[in-house]
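What follows is a single structure, written as structure tokens, with notes after it.
The values are calculated or read from the model by the stated rules, or taken from the named source; none is laboratory data. Only a predicted model underlies this, so the values are computations on that prediction, with no experimental measurement involved. For neighbour counting, all protein chains shown are included, and Cβ atoms are generated from backbone atoms with ideal geometry for every residue, glycine included. Please note that ligands, DNA and RNA were not included when accessible areas were found on the heavy atoms of the full protein model with its side chains. Shrake-Rupley method; radii C 1.70, N 1.55, O 1.52, S 1.80 Å.
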Amino acid sequence: MLLQQSLDPLLAIKGRRILRFLPVNLSHILVELTSLKETLAFYEAIKRANIAEIEDIVPAAKTLLIQYVPWLITAKELVAILRNIEIKAIAMRQSHLLTIPVHYQGEDLHEVAELLGITATEVIRRHTEQTYQVAFTGFAPGFAYLIADKTELYVPRRKTPRTRIPAGSVGLAGEFSGVYPQQSPGGWQLIGTTEIKMWDLSREQPAFLLPGDTVQFVDVQKAPVTVSLPEKKQSINALSFNKDKGLYVISAGLQTLFQDEGRLGAASMGVSASGALDKCALHAANRLVGNPPSLAALEITQGGLILKAQQDCVIALSGADCTISLKQTTGDIAFFSTYQTIDVRSGDEITVGIPTAGVRSYLAVRRGFELSPVLGSYAFDTLAQIGPRALQNGDILHLNDDNASTGIISQ
């Protein structure tokens, strides 16, 4: 109630346009607009304004979800800044027309034709003669919701969703058209397939489509086309690790992931922030071993992680209330509680016990783990399957041995 009252009045009038600002929580506000065109224009306007206190923006059909840093700016101050942005004075991002070649042989093509009372050939004609715009992204990384100015192919989703739809499937649902970027469940009506990858982490720009882009579908049987794809990243030589050093995973427990503060700034590609669920505990574990608070650490769910040290290191455990034991090469066992620094020697066996209170624990190592970032973060996104995968028995976790902590998040 206090948060709601702090943003009153919530309406900002710009000509005939009305913006409504709604509080979501202590670090997010929702902006309601009147149309998709206005939403995309305001989205571009905010990005061009380069407001340092804004961490991420998630566009939708008629809303923008804005994540901000609450200790740098209040919701009321941010709203005051946003209200002064003239939407009508901002031209939307200039985007070239992207072409998507389609093989119109989808499983639901003839069913869609029956629903609309037209032929399959007419469905293809309407789909290829429209110019679409990316309204927003979501559901999965690279999944774009495309909409045309004049909707001629409005069909309902399937009553029973499919459990597995191949990547590259072109579908219709309501007023939207879209392409599945990866194999996944889904309830859209499938009318064709494309060989273009909507999501490819090897590209400089992983998402083929971004909000505001314009799209033309082409029937490859009538007009074969050559599509210019985004540039690939330069190949990176694989690191050669010493298998005799690091932390050997005897038991990964129920679920152990690498997490940091999250993958901010990728929402426009349909990628959530993810990151540590308990960021305060993550920061505490890192501080105990002398790391920057944002360094990646292990997020352990319900304990059960067992590691064997293959080199000397310093660790700390935070978060859920549990005991950590250290079995030394002499056979002696030492017990430690959370929130204290532990000196580990090569050959020691580290066991994280089952919590008596709480769920997730965070294990940090001095100077951090040697990892490769994905979209600027070392966090694992369980939905998008992005980032270093979950730990498995037999893994070797390599540590940064140099004095510089190279595992700091690179934005």
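In the range 266-284, of all residues being more than 26 Å from Y145 (Cα to Cα) and open to solvent by 10 Å² or more (accessible area, probe 1.4 Å), the one that is nearest to the chain's Cα centre (by Cα) corresponds to L277. Residues in the range 116-151 that are among the charged types (D, E, K, R) and within 27 Å of L65 (Cβ to Cβ): D149 only.
Let's see how each residue does on (1) among the charged types (D, E, K, R); (2) open to solvent by less than 70 Å² (accessible area, probe 1.4 Å):
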{"site": "I100", "(1), (2)": "no, yes"}
{"site": "Y104", "(1), (2)": "no, yes"}
{"site": "H110", "(1), (2)": "no, no"}
{"site": "E114", "(1), (2)": "yes, no"}
{"site": "A120", "(1), (2)": "no, yes"}
{"site": "I124", "(1), (2)": "no, yes"}
{"site": "E129", "(1), (2)": "yes, no"}
{"site": "A135", "(1), (2)": "no, yes"}
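From the list R263, R287, the one residue that fits, being surrounded by 24 or more Cβ atoms within 10 Å (Cβ to Cβ) and either more than 18 Å from the chain's Cα centre (by Cα) or not small (G, A, S) (or both), is R263.
Looking at the structure I just gave you, is E175 under 23 Å from M269 (Cα atoms) and out of contact with any Ser or Thr (no Cβ under 6 Å at 6 or more places or on another chain)? Give the steps one after another, and end with the answer.
Numbers: under 23 Å from M269 (Cα atoms): yes; out of contact with any Ser or Thr (no Cβ under 6 Å at 6 or more places or on another chain): no.
The answer is no for E175.
I'm trying to understand the selection: among the residues of the range 365-389, which are open to solvent by less than 40 Å² (accessible area, probe 1.4 Å), on the phi < 0 side of the Ramachandran plot and either over 16 Å from the mean Cα position of the chain (by Cα) or of a type in the set (K, R) (or both)? Of everything in the range 365-389, those that are open to solvent by less than 40 Å² (accessible area, probe 1.4 Å), on the phi < 0 side of the Ramachandran plot and either over 16 Å from the mean Cα position of the chain (by Cα) or of a type in the set (K, R) (or both) turn out to be V365, F369. Within this structure, Q340 passes the test of being touching a helix residue (DSSP H, G or I) at 6+ places or on another chain (Cβ under 9 Å), at pLDDT 90 or above and over 30 Å from S272 (Cα atoms). Selection within the range 1-57: residues that are open to solvent by less than 40 Å² (accessible area, probe 1.4 Å) and of a type in the set (D, E). The member of this set that is modelled with the highest pLDDT is D56.
Can you tell me which residue is nearest to S274 (Cα to Cα) among those in the range 298-335 that are assigned to a strand (DSSP E or B), open to solvent by 50 Å² or more (accessible area, probe 1.4 Å) and without any contact (Cβ under 8 Å) to a residue 40 or more places away in the chain? For the range 298-335, the residue satisfying everything is D321. Of everything listed in (1) touching a His at 6+ places or on another chain (Cβ under 6 Å); (2) open to solvent by 50 Å² or more (accessible area, probe 1.4 Å), the single unmet condition for P293 is (2).
Output yes when any residue across the range 68-83 is open to solvent by less than 40 Å² (accessible area, probe 1.4 Å), at pLDDT below 90 and of a type outside the set (A, V, I, L, M), and no when none is. Checked against the condition, which is being open to solvent by less than 40 Å² (accessible area, probe 1.4 Å), at pLDDT below 90 and of a type outside the set (A, V, I, L, M), the range 68-83 yields no hits at all.
Selection of the range 253-265 for residues being within 12 Å of I386 (Cα to Cα) and assigned to a loop (DSSP other than H, G, I, E, B) yields G262, R263.
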